[in-house]
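Any read-out appearing in this document is the output of simple, stated calculations on the displayed coordinates, not a laboratory observation. All values reported here derive from a predicted model rather than from experimental measurement. FYI the Cβ positions are ideal-geometry reconstructions off the backbone, even for glycines, and counts take in every protein chain you see.
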Amino acid sequence: MTVVQFDPAGFKAEQRDTWNAVSGGWEFWRDRYERAAAPVTAWLLRAAGLRPGHRVLDVGCGTGEPAISAGRLVATTGRVLGIDLAPEMVRRARMAAAGLDHPIDFVESDVESLDLPPHSMDAVLSRWGLMFAVDRHRMLSDLCRLLTPGGVLAAAVWDAPAANPMTALAFRALGAELPGPPPQRPGPFSMCDATRTREELVAAGFVEITIESVPVSMRFASVDEYLQYARDVTPPGLLRAVRQHLGGDGERAGWDRLAEAAAGYADGEGIVCLPGSALCLRARGAPDGATPGRTG
């Protein structure tokens with residue numbers, strides 16, 4: 001059996017291309033998605049304890065949240081920096097923040113090569129971004145080092161696929177007949193084990209760690225509307241892989257499977273409600289600012 005090797009540099013390039021390609025879809029569905037994500041955004045902002053004057057980093061800012069909401073809390077005396085690997089996401093985040101009266105900077109940057117001074121942030125936020133880091137220990141250690149002594153990391157990652165039809169349904173239906181990815185490959189559910197995630201945070205130097213499940217859900221007027229959403233935000237690489245391995249008939253069969261699966265979440269009026277679950281974590285940087293040495 002051929003073993004597929006994981007290529008970290010290729011993965012990052014693929015991620016950049018993917019998020020650039022689907023950025024328009026995410027912008028189109030922004031309001032719908034933000035309504036679904038509101039409980040998680042609120043949890044993160046409460047956990048971070050933001051107040052005027054705070055300096056905040058948003059890792060994987062996408063089209064602008066939670067950086068924009070954080071900006072309202074730190075006001076004109078604070079600073080919010082949102083970073084994303086994909087320049088198209090950054091461009092759309094800047095558009096979303098245009099005209100606001102609180103300072104927010106959005107820049108294209110890879111969190112694993114971020115060049116910021118130690119202890120330069122009072123809080124680090126991330127909403128469904130940490131899971132895609134290639135070297136998670138290095139990333140978490142660097143984020144811990146960025147925090148002021150006792151500063152807060154408040155982040156959300158996805159719970160297990162079984163708890164997340166909102167996110168996993170399309171991947172499961174469309175990719176059902178594809179070979180599995182290399183085991184080292186990061187993905188949306190790579191931090192769904194709360195015990196392991198806690199251990200990784202401890203190893204990176206964080207203290208006072210709490211992890212809580214927060215339910216979310218996304219509603220669509222019909223199965224057809226959900227399918228349009230899925231077409232707009234599904235990574236093109238997944239669809240290319242389906243065509244390459246299974247051909248056009250295989251792709252059509254995948255969309256048929258997805259329609260059938262989505263219908264299982266429809267009520268008597270045809271409204272589709274897809275549940276989900278986020279693992280929301282809060283951790284403090286070491287009180288004295290000391291963190292374990294970087295490895296790798």
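Placing +1 at every Lys and Arg Cβ and -1 at every Asp and Glu Cβ, with all other atoms neutral, what dipole size does the chain have around its Cα centre, in debye to the nearest 20? Please report the intermediate quantities before stating the final value.
On the way: 30 positive and 36 negative charges, 101 e Å.
Once rounded to the nearest 20, the dipole reads 480 debye.
Could you tell me what a quarter of the Cα convex hull surface of the chain works out to, in nm² with one decimal place? Before the final figure, lay out each step's value.
Details: hull surface 62.3 nm².
Over every viewing direction, the Cα hull of the chain projects on average to 15.6 nm².
Using the reciprocal of the averaged 1/r over all distinct C-alpha pairs, how large is the Kirkwood radius of region 24-65 in Å?
Values: mean 1/r = 0.0852 Å⁻¹.
Here the Kirkwood hydrodynamic radius works out to 11.7 Å.
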(message) Which one, Val214, Val56, Val80, has the greatest fluctuation when you compute a Gaussian network model over the chain with C-alpha springs under 10 angstrom?
(response) Val214
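Counting alpha carbon pairs within less than 8 Å and at least 6 residues apart, what relative contact order, in whole percent, applies to the chain? Working shown, then result.
On the way: 580 pairs, mean separation 68.1, N = 296.
Dividing the mean separation by the residue count of the chain yields 23 percent.
Translational diffusion coefficient of region 69-173 at 20 °C, 1.002 mPa s, Stokes-Einstein with Kirkwood Rh over Cα pairs, in µm²/s as a whole number. Write down the numbers at each step before the final one.
Working: Rh = 15.5 Å.
Rounded, D is 139 µm²/s.
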(message) Of Phe220, Leu140, Ala262, which is farthest towards the positive pole of the chain's charge dipole, taken about the Cα centre with +1 and -1 on the beta-carbons of Lys, Arg and Asp, Glu respectively?
(response) Leu140
(request) May I ask you to derive the relative contact order of region 46-124, considering only C-alpha pairs under 8 Å and at least 6 residues apart, and to give it as an integer percent? (result) 36 percent
(message) Rounded, prolate or oblate for region 159-247? Axes are the square roots of the Cα gyration tensor eigenvalues, ordered a ≥ b ≥ c, and the cut-off for rounded is a/c under 1.5.
(response) oblate
(message) For the pair Arg198/Leu100, report the inter-label distance in nm, with labels modelled 7 Å from Cα in the Cβ direction.
(response) 3.3 nm
(message) Below 8 Å, C-alpha to C-alpha, sequence gap of six or more: please give me the relative contact order for region 1-134 in percent.
(response) 28 percent
(request) Taking amide H positions as placed in the peptide plane 1.01 Å from N, state which residues far from Met218 in sequence (5 or more) or on other chains have amide H under 5 Å from it. (result) Leu274
(request) Mark the label point 7 Å from the Cα of Glu269 along Cα→Cβ and return the residues of region 196-226 whose backbone N is within less than 19 Å of it. (result) 217-226
(request) Tell me what the chain gives for mean residue ellipticity at 222 nm when only DSSP H runs of n ≥ 4 count, each as -39,500 (n - 2.57), the sum divided by the residue total, rounded to 500 deg cm²/dmol. (result) -14000 deg cm²/dmol
(request) Name the residue, out of Val157, Val207, Val124, whose mean-square fluctuation peaks in a Gaussian network model built on the chain with Cα pairs under 10 Å. (result) Val207
(request) Name the residues whose placed amide hydrogens come within less than 5 Å of the amide hydrogen of Arg55, ignoring near sequence neighbours (fewer than 5 apart) on the same chain. (result) Arg79, Asp122, Ala123
(request) Give the percent of DSSP beta bridges with both residues in the chain that are antiparallel, rounded to the nearest 5. (result) 50 percent
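Taking 0.36 nm per intervening residue step and subtracting the Cα-Cα distance, what contour gain separates Ala162 from Asp135 on full extension?
7.2 nm
If N is the number of residues in region 119-194, what value comes out of its Cα radius of gyration divided by 2.2 N^0.38 Å?
On the way: Rg = 15.1 Å, N = 76, 2.2 N^0.38 = 11.4 Å.
Expressed relative to 2.2 N^0.38 Å, the Cα Rg reads 1.32.
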(message) Given 37 °C and 0.692 mPa s, compute D for region 191-296 with the Stokes-Einstein relation, Rh being the Kirkwood radius over Cα pairs; round to the nearest whole µm²/s.
(response) 188 µm²/s
(message) Between Asp31 and Asp288, how high is the FRET efficiency from 1/(1 + (r/R0)^6) when r is the Cβ-Cβ distance and R₀ = 41 Å? Nearest 0.05.
(response) 0.40
(request) Quick one: angle between helix 87-97 and the longest Cα principal axis of the chain, in degrees between 0 and 90, rounded to 10, please. (result) 70 degrees
(message) Using 0.36 nm times the number of residues separating Leu246 and Phe6, minus their current alpha carbon distance, what extension gain do you get?
(response) 84.2 nm
(request) May I ask you to evaluate 6.51 cos²θ - 1.76 cosθ + 1.60, the Karplus curve with θ = phi - 60°, for each residue of region 263-268 and list the ³J(HN,Hα) values in order in whole Hz, giving x for glycine and proline? (result) 4, x, 9, 8, 8, x
(request) Can you pull a Stokes-Einstein diffusion coefficient for region 9-136 at 20 °C (1.002 mPa s), Rh from Kirkwood over Cα pairs, as a whole number of µm²/s? (result) 145 µm²/s
(request) For Phe106, list long-range residues whose amide hydrogen, built 1.01 Å from N in the peptide plane, is under 5 Å from its own amide hydrogen. (result) Gly82
